[in-house]
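First up is the structure itself, then whatever we jot down about it.
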Amino acid sequence: MMSAAVLCFSVLDSLSKYLSRYYAVPFLIWARYAVHLVLMAVIFVPQRGAALVQTSQPGPQILRSVLLVVTSLLFVSGLRYLPIAEATSIMFLTPLLMTALSAPLLHEKVDLRDWVGVAIGFVGVLIVVRPSGALLTAAILLPLGAVICNSLYQMMTRKMRAADSSTTTNFITGVVGTVVMSFALPFFGKTPTLIHGLMMVAMGAVAATGHALLIRAYRYAAPAVVGPFSYAQLLWASLLGYLVFREFPDPLTMFGMAVIVASGLFVTYHNLLGRRRQV
């Protein structure tokens, strides 16, 4: 499920980057969530009716969804200026930042080896960005901001995974995203061409599918188990970046990406090993 989810996210990122050449990012984000909402309503409202939006944690559900909306805005805005593989690699600071934030926010124990993994991951980002490189522009702050929001979003997803059904959580995500971004529609809306309209429908479809798979993956297995499979997104991002945009990371950037992956796997493996010892 996680492997399929990250493929969906890579396709979503490629569609978003392409369409951002022609449309404002807030309009694209609105289209993504609106399609997400319509598709889920058509499929699930006849089956579940009002029960689809019944949640035991309305406040956390709304906050989680808003965090995802902000993550989407920041990351897609960054894709307008950055290569897709490099921007995606920066997003993989998320599990490392989650480790760093788990101590103050979730009161979980973070030992020295976890902090070493976090530090190595940030070194990997420095290699990708390179202080003297072309990526070190103000645009790099966009995916870095997305990492912060995404870390908080992932932590809430993990904490809420047993509260509501994955369908309810995913549907509320579509409702909140559509409502929030509708406020921007009068300022950024633009009638798309037929082809671009179909691509926007595809954005919503793959986004809804990817998040449904992600939520279910976290429901059926611990994050430390399924987390490593998410790194396949870097491979998809690199492949799609080359095929669609003729972008491909240089050797030093690929080394930095490998450092980020290695640090994330190190932290994940260490956490999984710790849980097994506790059992």
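The values are calculated or read from the model by the stated rules, or taken from the named source; none is laboratory data. Everything numeric here is computed off the predicted structure, so don't read it as measured data. Ideal geometry is used to build each Cβ from the backbone, glycine not excepted, and the neighbour counts take in all protein chains shown. We work out accessible area using only protein heavy atoms, side chains counted, and drop any ligands, DNA or RNA first. Shrake-Rupley method; radii C 1.70, N 1.55, O 1.52, S 1.80 Å.
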Expected output for region 114-135 (first residue at positive phi, partner at pLDDT below 75 and open to solvent by 10 Å² or more (accessible area, probe 1.4 Å), Cβ below 9 Å, 6+ apart or cross-chain) is Arg130/Leu136
Okay, helices (runs of 4 or more DSSP H) sitting entirely in region 65-132 with 2 or more residues that are at pLDDT 85 or above and closer than 20 Å to His211 by Cα, I get 84-91
Taking region 10-60 and keeping residues of a type in the set (Phe, Trp, Tyr), open to solvent by 30 Å² or more (accessible area, probe 1.4 Å) and part of a helix (DSSP H, G or I) leaves Tyr18, Trp30, Phe44
Of the listed residues (Gly174, Gly197, Gly210), the one being over 20 Å from the mean Cα position of the chain (by Cα) and either among the acidic types (Asp, Glu) or assigned to a helix (DSSP H, G or I) (or both) is Gly197
The condition from (1) charged (D, E, K, R); (2) under 19 Å from the mean Cα position of the chain (by Cα); (3) more than 19 Å from His36 (Cα to Cα) that Arg246 misses is numbered (2)
Among residues of region 160-186 being in contact with a Lys or Arg (Cβ under 9 Å, 6 or more places away or on another chain) and open to solvent by 50 Å² or more (accessible area, probe 1.4 Å), the residue farthest from Ser65 (Cα to Cα) is Ala162
